[in-house]
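Undergrad: Quick one: structure below, then a few questions.
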Amino acid sequence: MSFTSEVNINQLNELYPQIFPQVNDKNGVFGDKAQWYGLVDQNRLVAFCTIGVVNDQTIFLYNVGVHPTSRHQGFGCKLMENIIEHYKKYDIVLFVNKKNRIAIKLYQKYNFKLAERLFIPPLGEICMKRCYK
Ligand SMILES: CC(C)(COP(=O)(O)OP(=O)(O)OC[C@H]1O[C@@H](n2cnc3c(N)ncnc32)[C@H](O)[C@@H]1OP(=O)(O)O)[C@@H](O)C(=O)NCCC(=O)NCCS
């Protein structure tokens, strides 16, 4: 299994709507500057996420998703560990739906804390932040 910044666009376009059917623009506010990362297992994209650079000390993590048939096997953790290592000098901010207990648990495991006043999340979501030190 490998972590890559060169995500196969065809595999991404196939998997993305299975995980986030409600999202129209997967690149979100970062547009062309969005950087995709993926976990590939035997040539198959099993997990992905997007990073947008907010400033020289903060990145924004979004679109964290694991293939529906590959969940609860550690891929979410593997993705988080690779992102944290890759951006080890950065604080990481994200928004997550307040009812998404599984994702919140995953983020808490990697030391993300509630940070409501920093960035204003969309309705129904919370903002979490992980400080690099
Ligand atoms: C959230 C998501 C990325 C987790 O990925 P995953 O590969 O299943 O996660 P892992 O197997 O690495 O498990 C990581 C942690 O998540 C939690 N978790 C994962 N699946 C769970 C389940 N079915 N029930 C309860 N907790 C669960 C656990 O805390 C787990 O850690 P633990 O095993 O040490 O207790 C995945 O469920 C997903 O793609 N969900 C849909 C998209 C989504 O909601 N993305 C988040 C957007 S902000």
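The values are calculated or read from the model by the stated rules, or taken from the named source; none is laboratory data. Bear in mind the structure is a predicted one, so any value in this text is a computation, not a measurement. Quick reminder, even Gly has a Cβ in these numbers, built from the backbone with ideal geometry, and neighbours come from all protein chains shown.
Undergrad: Picking from Glu85, Glu6, Glu14, which residue would you name as being exposed (fewer than 11 other Cβ atoms within 10 Å of the Cβ), at pLDDT 95 or above and more than 19 Å from Phe112 (Cα to Cα)? Outline the logic, then answer.
TA: Details: Glu85 fails: more than 19 Å from Phe112 (Cα to Cα); Glu14 fails: exposed (fewer than 11 other Cβ atoms within 10 Å of the Cβ).
So the residue among Glu85, Glu6, Glu14 that is exposed (fewer than 11 other Cβ atoms within 10 Å of the Cβ), at pLDDT 95 or above and more than 19 Å from Phe112 (Cα to Cα) is Glu6.
Undergrad: Restricting region 44-60 to residues that are more than 7 Å from the ligand (Cβ to nearest atom) and under 20 Å from Gln11 (Cα atoms), which is surrounded by the most Cβ atoms within 10 Å (Cβ to Cβ)? So that I can check it myself, show each step before the final result.
TA: Let us first name the residues in region 44-60 that are more than 7 Å from the ligand (Cβ to nearest atom), namely 44-46, 48-60.
Narrowing the set further to residues that are under 20 Å from Gln11 (Cα atoms) leaves 44-46, 48-51.
Values: Arg44: 13, Leu45: 21, Val46: 22, Phe48: 24, Cys49: 22, Thr50: 19, Ile51: 22.
The extreme case among them is Phe48.
Undergrad: Oh, and also: Out of (1) within 17 Å of Cys131 (Cβ to Cβ); (2) near the ligand (Cβ under 10 Å from one of its atoms), what's the single condition that is false for Lys113?
TA: (2)
Undergrad: Starting from residues that are more than 20 Å from Met80 (Cβ to Cβ) and polar (S, T, N, Q), keep the ones in region 17-43 and report whichever is surrounded by the most Cβ atoms within 10 Å (Cβ to Cβ).
TA: As a first pass, look at region 17-43 and keep what is more than 20 Å from Met80 (Cβ to Cβ): 17-18, 21-25, 27, 29, 31-33, 42-43.
Subset that is polar (S, T, N, Q): 18, 22, 24, 27, 42-43.
Numbers: Gln18: 11, Gln22: 5, Asn24: 6, Asn27: 15, Gln42: 6, Asn43: 7.
Only one residue fits best here, namely Asn27.
Undergrad: Give me the residue from region 61-75 that is touching a residue at least 12 places away in the same chain (Cβ under 8 Å) and more than 15 Å from Val40 (Cβ to Cβ) and, out of that set, nearest to the ligand (Cβ to nearest atom).
TA: Keep residues of region 61-75 that are touching a residue at least 12 places away in the same chain (Cβ under 8 Å), which gives 61-68, 70, 75.
Now narrow it down to the ones that are more than 15 Å from Val40 (Cβ to Cβ): 61-64, 68.
Numbers: Leu61: 8, Tyr62: 7, Asn63: 7, Val64: 4, Pro68: 8 Å.
In this case the residue turns out to be Val64.
Undergrad: Residue by residue through region 70-114, note down the ones that are touching a strand residue (DSSP E or B) at 6+ places or on another chain (Cβ under 7 Å), outside any helix (DSSP H, G or I) and over 21 Å from Val54 (Cα atoms).
TA: Across region 70-114, the qualifying residue is only Lys98.
Undergrad: Could you run through region 28-56 and say how many residues are farther than 18 Å from Ala103 by Cα and assigned to a strand (DSSP E or B)? Give the derivation first.
TA: Let us first name the residues in region 28-56 that are farther than 18 Å from Ala103 by Cα, namely 28-36, 40-45, 52-56.
Next cut, assigned to a strand (DSSP E or B) only: 35-36, 40-41, 44-45, 52-55.
Selection size over region 28-56: 10.
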